[in-house]
Amino acid sequence: MSELILHQYELSPFSKKVISIFAYKNLAWHAVEQPVVAPKPDLTPLTGGYRKIPVLQIGAHVYCDTKLIIRELEARYPDTPLTPPELLGAAELIADWADHRLFSNAATPSIFEIAELVPPEFFADRAAMQRPEVMAAALPVEHIKAQFVLDLQMINRQLSAADFMLGSRFTLADAAVFHVLNFAGSAPSLRAEIDAHPAIRKWLKGILDMGQGQRSDIEPSAALDIARDASPDLTPPANAIEDAALTVGANIAIRPNDYGQEETIGEIVWVTADALAVKRTDEQIGDVLVHYPRLGYLFETRD
Ligand SMILES: N[C@@H](CCC(=O)N[C@@H](CS)C(=O)NCC(=O)O)C(=O)O
């Protein structure tokens, strides 16, 4: 039985980013369907609060955020390397642009067009995830859509000159741009904008044709049983560092620095230059080690 469990839902663009890596690496994995809106009673025992999707579970280890999840998959499955070292920095920069700027230009215009596909409480749920100052500064949807069309022009310039975002092979940069455009394509008017660029259309189809790897679905309760029956390995990785602001043994609260600021509270077990892991004891499933990237997250010491 595969040990990879992805907590996701069908409509989630960021889940598709990770699933494209499962496909590229041809990995066997289990999908757990989580709710599209809060509360997520079968996810919070694992994360302690973090509600975003996807979350990768391996036994009693919980990996939050796709950039960390993909890094972990690269480390565990090095035989099918995703991004060569000479392209990794550039790929991470493009992925960060795609996950934030491109995603926000695509998400707002798309979601209004596919409103019938989401639960009725979706819009109130997502509004509550945003910080009030972000909501107050919201730009008109037509402007945002026009910006998305300009983003498409940049992507098209690249894909008209090369097969992939960074040249001749699929990398992290493709996975990140793919998940946004694939989601945007579910909205008819954005689909038409994408389809106006044959190079983008061909590239999207190529990634969709890679499939999903070896997927099998399991119930949320089965995933929680697996976490309960496992014990996390608390051994620090070889690249662990000492950090005076994040000392091992300290209790901290972790939350995203953008939207969806639910916290994970736990004891720091180890820290590296770009990630950290905290141990928490959940009343349902016992000890879990929750892993976070440092980029994009706020850390606050708690007594
Ligand atoms: N930085 C996060 C972003 C994940 C994200 O925003 N996911 C969306 C779904 S695709 C989400 O969690 N939306 C709210 C929800 O599902 O509750 C990552 O890379 O994993």
Working only within segment 259-293, note down all residues that are more than 16 Å from the ligand (Cβ to nearest atom), more than 16 Å from Glu242 (Cβ to Cβ) and not in a strand (DSSP E or B). Glu283, Gln284, Ile285
Suppose the filter is modelled with pLDDT of 95 or more, surrounded by 13 or more Cβ atoms within 10 Å (Cβ to Cβ), in contact with a Leu (Cβ under 7 Å, 6 or more places away or on another chain) and not small (Gly, Ala, Ser); does Leu172 pass it? yes
Please enumerate the residues belonging to segment 1-15 that are of a type in the set (A, V, I, L, M) and under 18 Å from Ala222 (Cβ atoms). Met1, Leu4, Ile5, Leu6
Residues of segment 16-37 being β-branched (Val, Ile, Thr) and buried (at least 20 other Cβ atoms within 10 Å of the Cβ), in sequence order, are Val18, Ile19, Ile21, Val32
Is it the case that Lys40 is of a type in the set (D, E, K, R), free of Cβ contacts under 8 Å to residues at least 12 places away in the same chain and either within 11 Å of the ligand (Cβ to nearest atom) or surrounded by 23 or more Cβ atoms within 10 Å (Cβ to Cβ) (or both)? yes
So Gly59, is it under 24 Å from Asp287 (Cβ atoms) and away from the ligand (no atom under 16 Å from the Cβ): yes
Here is a check on your reading of the model: is Gly260 of a type in the set (Gly, Ala, Ser), farther than 18 Å from Ala60 by Cα and within 19 Å of the chain's Cα centre (by Cα)? yes
Would you kindly identify the helices (runs of 4 or more DSSP H) lying entirely within segment 1-118 that contain at least 1 residues that are farther than 23 Å from Gly266 by Cα? 13-25, 66-76, 85-97, 103-113
Among Leu73, Leu117, Leu93, which is more than 12 Å from the ligand (Cβ to nearest atom), crowded, with 17+ Cβ neighbours inside 10 Å and more than 21 Å from Arg255 (Cα to Cα)? Leu73
Could you give me the residue pairs with C-beta distances under 9 Å whose first residue belongs to segment 208-225 and is touching a residue at least 12 places away in the same chain (Cβ under 8 Å) and closer than 18 Å to His61 by Cα, whose second residue is polar (S, T, N, Q) and surrounded by fewer than 16 Cβ atoms within 10 Å (Cβ to Cβ) wherever it lies, and which are 6+ apart or on separate chains? Leu224/Gln284
Which residue is nearest to the ligand (Cβ to nearest atom), if the candidates are limited to segment 217-257 and must be surrounded by fewer than 15 Cβ atoms within 10 Å (Cβ to Cβ) and either within 21 Å of Lys40 (Cβ to Cβ) or modelled with pLDDT under 95 (or both)? Asn257
Consider only pairs whose beta carbons are under 6 Å apart and that are at least six residues apart or on different chains; among these, list those whose first residue lies in segment 241-264 and is at positive phi and whose second residue is part of a loop (DSSP other than H, G, I, E, B). Gly260/Arg51; Gly260/Lys52
Options Leu159, Leu93; residue that is more than 23 Å from Asp258 (Cα to Cα) and aliphatic (A, V, I, L, M): Leu159
Test result for Thr301, closer than 25 Å to Asp229 by Cβ, β-branched (Val, Ile, Thr) and loosely packed, with under 15 Cβ neighbours inside 10 Å: no
Which members of segment 129-162 meet the condition of being touching a residue at least 60 places away in the same chain (Cβ under 8 Å) and part of a helix (DSSP H, G or I)? Met129, Val134
Working carefully through the options Met129, Met165, find the one that is under 20 Å from the mean Cα position of the chain (by Cα), away from the ligand (no atom under 16 Å from the Cβ) and either crowded, with 16+ Cβ neighbours inside 10 Å or within 17 Å of Ala192 (Cα to Cα) (or both). Met165
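Conditions (1) modelled with pLDDT under 95; (2) within 12 Å of the ligand (Cβ to nearest atom); (3) farther than 27 Å from Asp287 by Cβ, marked per residue:
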residue	(1), (2), (3)
Leu6	no, yes, no
Pro13	no, yes, yes
Lys16	no, yes, yes
Ala23	no, no, yes
Val55	no, yes, no
Phe103	no, yes, yes
Would a scan of segment 200-216 turn up a residue that is buried (at least 17 other Cβ atoms within 10 Å of the Cβ) and small (Gly, Ala, Ser)? yes
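The values are calculated or read from the model by the stated rules, or taken from the named source; none is laboratory data. Note that the structure is predicted; figures quoted are calculated from it, not measured. Every residue, glycine as well, gets a Cβ built from its backbone with ideal geometry; the counts of neighbours run over all protein chains shown.
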